[in-house]
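Okay, so here's the structure we're looking at.
Read the figures in this text as sums done on the coordinates, not as results from a lab. As the structure is a computational prediction, the values presented were derived from the model and not from experiment. Quick reminder, even Gly has a Cβ in these numbers, built from the backbone with ideal geometry, and neighbours come from all protein chains shown.
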Amino acid sequence: MKYPILLSSLALALFSSAQAEEKQPEATTKPIALFNGTDLTGWHVDVPAADEKPDIKPSFIVRDGKLVSMGTPRGHIITDASYQDYRLELEYRFANKPGNCGVLVYTSTPRALYGMFPASIEVQMNSGDAGDFWCIAENIEVENMEARRPRKEGQAFGGTAKDARRILNLTDGSEKPVGEWNQMTIECKGNELKVWVNGDLVNHGTNCTADKGQIALQAEGVEVEFKGLTLTPLAE
């Protein structure tokens, strides 16, 4: 006579377990530190040159509590986790000389373009062009597309190697001189993307072809220091 009771208890336990698995975690607006200031926990590196030379010098290091992109070998450091609907706040500076770098959001497929760049929308940090968008195997729209997204005859607006991928920012002069810290805020809400540099709204895109993904930083030629790197989920 005990078997029906045992079976009922087991069924109830399985049902409760299934409910627990299906239940989504509650939304939070507490900030998340993506970088702990000590090591690269929570990140992984994708540097194509390391495929054949595993002992190649590191492209990303931690120094004096800062995450440092050494610039070369070229590649990306990517969060292990994917994120959706958030505000990312960070500070960056070119330590020695002006150059190129970027923050990639909506990041997914590795090496989707030129065998190097993961599918994403790049928020440009290149000196003098901070806040430009570059479409990398994804696409996004802005107002005044024809004026702000220069294209050659026959080019489409898209994220392939043949497309017009660069979208000019809204302002010039928002960046600080080399050696000084710049504050960047990136807000991803669904398929809408906004970027501020030192308090200035420098770009605003909508209808992105992705609405979630990892976050990546580039090694693209020169040394860049990062600190902060705090992500705050946006309340629905």
What does the C-alpha gyration tensor say about the overall shape of the chain? Classify as rounded when a/c is under 1.5, otherwise prolate if a/b is larger than b/c, or oblate. prolate
Within-12-Å neighbourhood charge of residue 201 [Cβ basis; K, R +1; D, E -1]: -1
Pairs 57/227; 194/227; 97/162; 66/97; 57/152; 162/227: which are spaced more than 28 Å apart, C-alpha to C-alpha? 97/162; 57/152; 162/227
Return the single residue from 128, 199, 154 with maximal mean-square fluctuation; model: Gaussian network over the chain, springs between Cα atoms under 10 Å. 154
Mind listing the long-range amide H neighbours of residue 32? Cut-off is under 5 Å, sequence gap 5 or more, other chains count too, H placed in the peptide plane at 1.01 Å from N. 231, 232
Computed from the beta carbon distance with a Förster radius of 41 Å, FRET efficiency for residue 166 and residue 36 to the nearest 0.05 stands at 0.75
Cβ-Cβ cut-off under 14 Å around residue 35, Lys and Arg +1, Asp and Glu -1: the net charge is -3
